[in-house]
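First comes the structure, then the notes that go with it.
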Amino acid sequence: MQVGVAYSEPGNQVWLNIEVADDATVLQAIEKSGVLRMFPHIDLETQRVGIFSRATTLDASLRAGDRVEIYRPIICDPQTVPRRDLAGEEEE
């Protein structure tokens, strides 16, 4: 079956469509995609993964057409980042 594997960082994004076995897991798809060779700093022991924006585990089963995503850690504290005033932008 065909699934996608996506990873993004500033200035560099990949979305790879690959063929995996019908009983493939998230980890197997990531390994087969080659994304770990392209981005050797990815650490699957600490970074979260998901399928279509829903967090999941590395041993989760995949279905045809799923998009496996590897998430980067948050590097800023949301409490200290100023919020954008979206209401003010609408008036302009």
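None of the figures in this text is laboratory data; all of them are computed from the coordinates on show. Remember, it's a predicted structure, so these values are computed and weren't measured experimentally. Cβ coordinates were reconstructed from backbone atoms using ideal geometry, including for glycine residues, and neighbour counts include every protein chain displayed.
So the check is Cβ under 9 Å with 6+ separation or different chains; which pairs have a first residue in region 7-33 that's within 18 Å of G65 (Cβ to Cβ) and without any contact (Cβ under 8 Å) to a residue 60 or more places away in the chain and a second one that's surrounded by 13 or more Cβ atoms within 10 Å (Cβ to Cβ) and charged (D, E, K, R)? Close Cβ pairs (under 9 Å, with a partner that is surrounded by 13 or more Cβ atoms within 10 Å (Cβ to Cβ) and charged (D, E, K, R)) amount to W15/R67; I18/K32; E19/K32; V20/K32; A24/K32; V26/D66; A29/D66.
Yes or no: I42 without any contact (Cβ under 8 Å) to a residue 60 or more places away in the chain, closer than 10 Å to I70 by Cα and either in a loop (DSSP other than H, G, I, E, B) or of a type outside the set (G, A, S) (or both)? Explain how you work it out, then say what you get.
Numbers: without any contact (Cβ under 8 Å) to a residue 60 or more places away in the chain: yes; closer than 10 Å to I70 by Cα: yes; either in a loop (DSSP other than H, G, I, E, B) or of a type outside the set (G, A, S) (or both): yes.
Spelling it out, I42 is indeed without any contact (Cβ under 8 Å) to a residue 60 or more places away in the chain, closer than 10 Å to I70 by Cα and either in a loop (DSSP other than H, G, I, E, B) or of a type outside the set (G, A, S) (or both).
A single member of L16, L44 is hydrophobic (A, V, I, L, M, F, W, C), at negative phi and surrounded by 16 or more Cβ atoms within 10 Å (Cβ to Cβ), and it is L16. Within region 1-60, restricting attention to residues that are in contact with a strand residue (DSSP E or B) (Cβ under 7 Å, 6 or more places away or on another chain) and among the basic types (K, R), the residue that is nearest to P73 (Cα to Cα) is R48.
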